[in-house]
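Okay, so here's the structure we're looking at.
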There are 2 protein chains.
Amino acid sequence: MTNPVSRREFLNLLGAYGGTSAVLQAGAALGLMPGASQAADLSLLNMSSKGKKVAILGSGISALTTAWELSKAGYDCTILEASHRAGGRIFTVRSGTVVDEIGNYQRCDWDNEPHMYFNAGAARIPSIHRSVLSYCKELGVELQVFVNESKTNWVQDDAMLGGKPVRNTDYSSSMQGFISEMLAKSLSESEIDSSLTESESETLLGMMRTFGDLDENMLYKGTVRAGYGSGGFLDHGTKKDVIALRDLLETRLAGNVMVTTQEGTGSGPLLMQPVGGMDRIIYGFANRLGDRIKFRSPVTAVMVKDDGVEVAYEQNGESQLLKADYCFNCIPSHLMTGIPNNFPAEYTTALKYIRRGRAYKAAFQAKERFWEKEDIYGGISWINAPIQQIWYPPHGIHLDKGVVLAAYNFGGANFTEMTQEQRIEACLMYGEKIHPNYRQLVEKPITIAWHRMNHMLGCAPRWARNRGGWSQEEEHLYETLRQPVNGRHYMIGDQSTQHSAWMESAIQSAHYALADLDQRVRAETA
Amino acid sequence: MTNPVSRREFLNLLGAYGGTSAVLQAGAALGLMPGASQAADLSLLNMSSKGKKVAILGSGISALTTAWELSKAGYDCTILEASHRAGGRIFTVRSGTVVDEIGNYQRCDWDNEPHMYFNAGAARIPSIHRSVLSYCKELGVELQVFVNESKTNWVQDDAMLGGKPVRNTDYSSSMQGFISEMLAKSLSESEIDSSLTESESETLLGMMRTFGDLDENMLYKGTVRAGYGSGGFLDHGTKKDVIALRDLLETRLAGNVMVTTQEGTGSGPLLMQPVGGMDRIIYGFANRLGDRIKFRSPVTAVMVKDDGVEVAYEQNGESQLLKADYCFNCIPSHLMTGIPNNFPAEYTTALKYIRRGRAYKAAFQAKERFWEKEDIYGGISWINAPIQQIWYPPHGIHLDKGVVLAAYNFGGANFTEMTQEQRIEACLMYGEKIHPNYRQLVEKPITIAWHRMNHMLGCAPRWARNRGGWSQEEEHLYETLRQPVNGRHYMIGDQSTQHSAWMESAIQSAHYALADLDQRVRAETA
């Protein structure tokens, strides 16, 4: 380097780059963290319900899980849902769907075809999310493979190569090549690890050569792994031009491209999606629960009594009271604190502590499947702009049209405070940087700002203020919220977990609460 | 290192490891090399056929492509196929399928369900194989995403960790961690690249930290990207034990795991497969070609005349003669040289030069989808044993049974010279190293040794003797075979390409020959 960086210096530099936070964010967004997921072993079916009544507040997947399991065990469940639909952030937009963002009411008028949908919330089921998969199986929800990462897709950053988009494969093959070349050079020049034997060094060097596709001098001179510049089938293939390391380093998307590539869901845990939309899971539950779900029935008060819970709610403009033995509540914590209740002060403190994310998504109906003409059949294109990602559907291959996800980002005040027209223009303007005729190829935009969605006003609950870990106070508040009030009122949902924004967490929160209930009821009847 | 390896030494060591050949093999097997594929722009429809007759020998996909394109243009095509079925190495095994391996006749008796099949030959369509995809679209062949690589899957080598299988994700996350740590160390200690500025170094180091999930001291201390050791949803996740670099280096599968991971088809070009089996493409052609295909009609002589081609063949025990204006021939070169013909000597020399591969595959009906209980929903497990790979189906998720690919390897005299019983025992014995109850979970084996398959006796034609590149003689012979004999007889198929064992190549060989014919016919009529 012109200015060699000392060990101390480069550790400081990392702060500027944001190494750890980038990792954490990527991990959280892609659901990679969990691995040892275990669906709770519920044996409620063996439990006598004694005709007990249960009030379930909200109809997110934690609520539906609770209602389904308790109904199977003979409990008398009533689910109160404030909005016109079940599922919360499991929300699929298709022809006719109403998007009830406050101040930005939208009604989707895409072609009415099974493949023309957009999962505006949950969109991916990792193969290690056993509880979700278990319910898909139980409810008969057909699954198909989802594509998160495809190297044919684009990476675009105005700061790199004059803004010219490059194929992910060209970027990541080149980066791998340079990483391997640099490491091989250092291995050949110094004792990188004094514990390695000659045979181990041999294997490591061989692997670096393979990993980087280095030449016989252990140098990266381009690769045909990323595709040929020309030829390849009938004629000898030529290599594409090497993208210089200097150019590769111009973009801060390197982490997204290189880590998503490897840890992401394309090559991490396999991802799946229900055929026809994520809400197939919601309908799977809801169809079985039938009229136990009361729609347009907002809760107006929750009072925990010694022998049960009383829930006041509105229905058809009239106040109703639901008396139940137990209550399971997945109303978003920051909304729940505004509803009259008699929770203990510490419980309320815990509810108030949880912050909410501001993720947004947008989608277009594409008049033609233009990405397929670019050899793209699914997965993400990355762009260093507020839209951040463009997703192409891995379903409906070769049909006439498709739905393209036009933006997916977190915490985007810059985007979500725009008017609908401004949002759409942003999607088009940034999308054009990757797909030249984008503006002409897409139509009928839908945008979702989760913190403006009616009855939700936020997403992705977060406990820890500090990325470095949980404070003692946070641990305490979390445990407080996990305990039922008076043994009667349970807070459930991904807000009651340490890994929010995933269906698996929400379901596990329900299982955790149900297991607690189970113990209490068994103790009572023993 | 205890014995530091000099630059010269480590280059020598690479020979022992087989760096380049490993890369080439992986690339060829996964179809990664090509990228700039362009479907030929055929305009035969504009060409007057003048009722010309065409003899097409063999019914591989190059033959079917030729017949389909020429039929659309009004040519009178006859396809002579020696066996009872069309498609050659595009061969899907399902209930009732006859596997006519010589001396090892098998009839498949798996459950008769749409998802219970096994693509014994071609199995993957990369998103960059435009010609194949174009025909899928034209023929209405429904496609779905195929999974090549899934990090939940297993890596097993008796030489590593006492033979205990490890998850691909544990292996590759650890290897990435150590690579990043070593590179970061060297970057902090030396001028690795004097052309990098401080800002570029910062970005590179940040990227290595993200890539390897290093700690604040730029050391790899394990990761939760590979999943938690425990917890993760409701409780804090713990890291799994780190696999020591020394252990990671014990297996020669490192290249397969690390490069497939990144260049492979899971995260390389997206892979697809036809819904219901690869032979949906063959049926797509064959149903349109109808009785133009003559089955059980082996060719017995090919004589090129001044004004056409005469093809003798057998049908129902009787000799027949087919006189045609043109002939397109995809009979495997090493079989064609044994059929009487009047080809020029150099043409025959070229035909004889091509060697054939000996790939084999095996498959079982699984009595239950045991892999799904291990969080696996598709993709490859790698094993350092003659079976080499186990594939799990990405289709039929959560149904009762499935077909598991039990072996896939190349050049396996050790396997294919075994009796059927010995092959099956090998599949079970090695499979048990990954899945403890494998032997009890699978049944009804099918094995395919392509160099013993009737009417084929080989697969994966290869021109170059030397992995380093083509000799001048090889270039010459290749060009010789690409020219039609007397402007009348064309050799087609992947044997007439530089990238064998892929459908795309075979189709492009047909397009190349058709474009040549087109020019000749236009010249004639001009």
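The values are calculated or read from the model by the stated rules, or taken from the named source; none is laboratory data. Just so you know, these numbers come straight off a predicted model, no measurement behind them. Here the Cβ positions follow ideal geometry from the backbone for every residue, glycine too, while neighbour counts run over all protein chains shown.
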Among A:Thr223, A:Thr203, A:Thr210, the single one that is touching a Lys or Arg at 6+ places or on another chain (Cβ under 9 Å) and within 7 Å of chain B (Cβ to nearest Cβ) is A:Thr203
Per the filter on segment A:474-526, residues surrounded by fewer than 24 Cβ atoms within 10 Å (Cβ to Cβ), more than 25 Å from the chain's Cα centre (by Cα) and not in a helix (DSSP H, G or I) are A:Gln483, A:Pro484, A:Val485, A:Asn486, A:Gly487, A:Arg488, A:Ala526
Of the residues in segment A:353-393, those that are assigned to a strand (DSSP E or B) and among the hydroxyl-bearing types (Ser, Thr, Tyr) come to A:Tyr360, A:Ser381, A:Tyr392
Taking segment B:88-122 and keeping only residues that are without any contact (Cβ under 8 Å) to a residue 40 or more places away in the chain and on the phi > 0 side of the Ramachandran plot, one is left with B:Gly96
Restricting attention to segment B:438-459, the residues that are out of contact with any strand residue (DSSP E or B) (no Cβ under 8 Å at 6 or more places or on another chain) and assigned to a helix (DSSP H, G or I) number exactly 3
Taking segment A:235-247 and the residues there that are within 9 Å of chain B (Cβ to nearest Cβ) and crowded, with 19+ Cβ neighbours inside 10 Å, the one that is farthest from the chain's Cα centre (by Cα) would be A:Gly237
Restricted to segment A:340-389 and to residues being farther than 18 Å from A:Gly402 by Cβ and among the hydroxyl-bearing types (Ser, Thr, Tyr), the residue farthest from the other protein chains (Cβ to nearest Cβ) is A:Tyr360
Counted residues in segment A:410-468 being buried (at least 21 other Cβ atoms within 10 Å of the Cβ), at pLDDT below 95 and of a type in the set (S, T, N, Q) come to 1
Counted residues in segment B:130-174 being facing chain A (nearest Cβ under 8 Å) and closer than 30 Å to B:Gly222 by Cβ come to 8
For segment B:408-437 the number of residues that are assigned to a helix (DSSP H, G or I) and without any contact (Cβ under 8 Å) to a residue 12 or more places away in the chain is 4
Among A:Thr349, A:Thr260, the single one that is in contact with a Leu (Cβ under 8 Å, 6 or more places away or on another chain), assigned to a helix (DSSP H, G or I), modelled with pLDDT of 95 or more and among the hydroxyl-bearing types (Ser, Thr, Tyr) is A:Thr349
Of the residues in segment A:215-234, those that are exposed (fewer than 15 other Cβ atoms within 10 Å of the Cβ) and either at pLDDT below 85 or within 20 Å of B:Asp494 (Cα to Cα) (or both) come to A:Ser230
Picked from segment B:467-526 (must be away from chain A (no Cβ under 13 Å) and of a type in the set (Val, Ile, Thr)), the residue farthest from B:Gly51 (Cα to Cα) is B:Thr480
Exercise for review: Kindly indicate whether A:Pro394 is within 30 Å of B:Val275 (Cβ to Cβ) and touching a Phe, Trp or Tyr at 6+ places or on another chain (Cβ under 7 Å).
Suggested key: yes
Picking from B:His129, B:His115, the residue that is surrounded by 24 or more Cβ atoms within 10 Å (Cβ to Cβ) and at pLDDT 90 or above would be B:His129
Any residue in segment A:39-48 that is more than 10 Å from every other protein chain (Cβ to nearest Cβ), closer than 25 Å to A:Leu517 by Cα and at pLDDT 95 or above?
-> no
>> Just to be sure before I move on: is B:Val132 farther than 30 Å from B:Thr251 by Cα and not assigned by TED's automatic domain parsing to the domain that holds B:Tyr326 in the structure I sent?
In response: yes
